[in-house]
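> First, the structure itself, so that you have it in front of you.
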Amino acid sequence: MAGILQGKVVLVTGGGSGIGRATSLRLAKEGAKIMIADYVPEGAERTVKMIKEAGGEASCIAADVSFANQVETIINKTVETYGRIDCAYNNAGIEGKFSDTILCTEENFDRVIAIDLKSVWLCMKYEIPQMLKQGGGSIVNTASIAGLVGFNGIPAYVAAKHGVVGLTRTAALEFAQKNIRVNCVCPGVIRTPMVERAIDGGGFTEADVTAAEPIGRLGKPEEIAEGVLWLLSDAASFVTGHPLTIDGGWVAQ
């Protein structure tokens, strides 16, 4: 039986690890052809290998999505390789350095905003014209529960993720009648390399997270992948401009 994304071409940024890798694998399992863009080529290549070993189809390109010319290259490479872009998962992101608002450096603020917010705008800026040529498409961006509520010690990250939610809603309204849907996922604290770095660096402990989580544990990357799959698919055909919270109940408190 064909998967729900059979034959679709999906671009995934930040697909070399964590949520991006788990989502790439899940989308490929549903029949999608995956183009992975990642700043770390080794990670992207490993994800491609995993997809191919599972019987799927994938390619990758090394790029820094905070630069317009590199994003444009990603789009061109995807179209050259697969002929179109049906879906995009704009997921690349970094956590930045932990510090409060007054101790956050300009360098840290600018870098986090560039990777976590500007890159989402740049990706949509070049993805949407291609989708318009094709007659439509579906986009999911990665925001965060930090795009819905405040968190101590990560002002740049919180600002960026709030911005992703706003960008998502704006683009969704702009292209709602052009057969392009734009949504975002808002993951809670997920067991990824990013969160492991935060725990190792003393930003917080796993015990802190489990104590704060109504569900009593960290999330799994695969659980976010399921939400992305649904939003990208035709099963969510009447959903656009929506920040889908996948957080074990964190923001419901």
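> Which value, in Å to one decimal place, does the Kirkwood hydrodynamic radius take for the chain when every pair of different Cα atoms is included?
Evaluated over the chain, this radius sits at 18.0 Å.
> Now, a different point. Taking 0.36 nm per residue of sequence separation and subtracting the Cα-Cα distance, how much length would be gained by fully extending the chain between T205 and D234, in nm to one decimal?
Residue separation times 0.36 nm, minus the Cα-Cα distance, leaves 6.6 nm.
> Something else: Work out how much length Q253 to V149 would gain on full extension: take 0.36 nm times their residue separation and subtract the Cα-Cα distance, in nm to one decimal.
36.3 nm
> Still on this structure, please answer the following. Order by neighbour count: T210, T13, T245, fewest other Cβ atoms within 10 Å first, most last.
Placing the least packed residue first, the sequence is T210, T245, T13.
> Output ³J(HN,Hα) for region 23-33: one whole-Hz value per residue in order, computed from phi by the Karplus curve 6.51 cos²θ - 1.76 cosθ + 1.60 with θ = phi - 60°, and x for Gly and Pro.
5, 4, 5, 5, 5, 5, 4, 8, x, 7, 8
> In whole Å, largest first, what are the principal axis extents of the Cα atoms in region 1-79?
Largest first, region 1-79 extends 40, 22, 17 Å along its Cα principal axes.
> Sticking with this structure for a sec: Hey, can you grab everything whose amide H is under 5 Å from the amide H of G93? Only 5+ residues off in sequence or another chain; H modelled, so Pro and N-termini drop out.
none
> Now for a separate question. Residues with amide H under 5 Å of T245's amide H, sequence separation 5 or more or different chain, H placed in the peptide plane at 1.01 Å from N; which?
Amide H neighbours of T245, under 5 Å, 5+ apart: C186.
> Calculate, in nm to one decimal, what N76 and A176 gain on full extension: separation in residues at 0.36 nm each, minus their alpha carbon distance. Don't skip to the answer; put the middle values down first.
Values: separation 100, 0.36 × 100 = 36.00 nm, distance 2.43 nm.
Length gained between N76 and A176: 33.6 nm.
> Could you tell me the center-to-center distance, by alpha carbons, between region 137-160 and region 62-90 in angstrom?
Centre-to-centre distance over Cα atoms comes out at 23 Å.
> List, in the order given, every pair from K133/K220; K8/K118; K49/K220; K29/K118; K33/K118; K8/K52 whose Cα-Cα distance in the structure shown is over 28 Å.
Too far apart for the 28 Å limit: K133/K220; K29/K118.
> Then there is this: FRET efficiency for Q134 and M194, Cβ-Cβ distance as r, R0 = 35 Å, nearest 0.05?
0.60
> Explain nothing, just the number: relative contact order of region 1-133, from Cα pairs under 8 Å at least 6 residues apart, as a whole percent.
Normalised by residue count, the contact order of region 1-133 is 25 percent.
> Identify, among V165, N108, S233, the residue whose Cα sits farthest towards the positive end of the charge dipole of the chain, taking +1 on the Cβ of Lys and Arg and -1 on the Cβ of Asp and Glu, with the dipole about the Cα centre.
S233
> Moving on. So what is the relative contact order for the chain, in percent, with contacts set as C-alpha pairs under 8 Å and at least six apart?
Working: 523 pairs, mean separation 48.7, N = 253.
The normalised contact order for the chain reaches 19 percent.
> Find, to one decimal place in angstroms, the Kirkwood hydrodynamic radius of region 73-168, where the mean of 1/r is taken over every pair of different Cα atoms and then inverted.
Computed over region 73-168, the radius equals 14.3 Å.
> Looking only at chymotrypsin sites (Phe, Trp or Tyr not before Pro) in DSSP loops with at most 16 other Cβ atoms within 10 Å, what is the longest site-free stretch of the chain?
Longest stretch, sites excluded: 152-237.
Laboratory data are not the source of any read-out in this text; all were calculated from the coordinates shown. Just so it is clear, the structure is predicted and the values come from calculations on it, not from any experiment. Note that each Cβ is placed from the backbone with ideal geometry, even for glycine, and that neighbours are counted across all protein chains shown.
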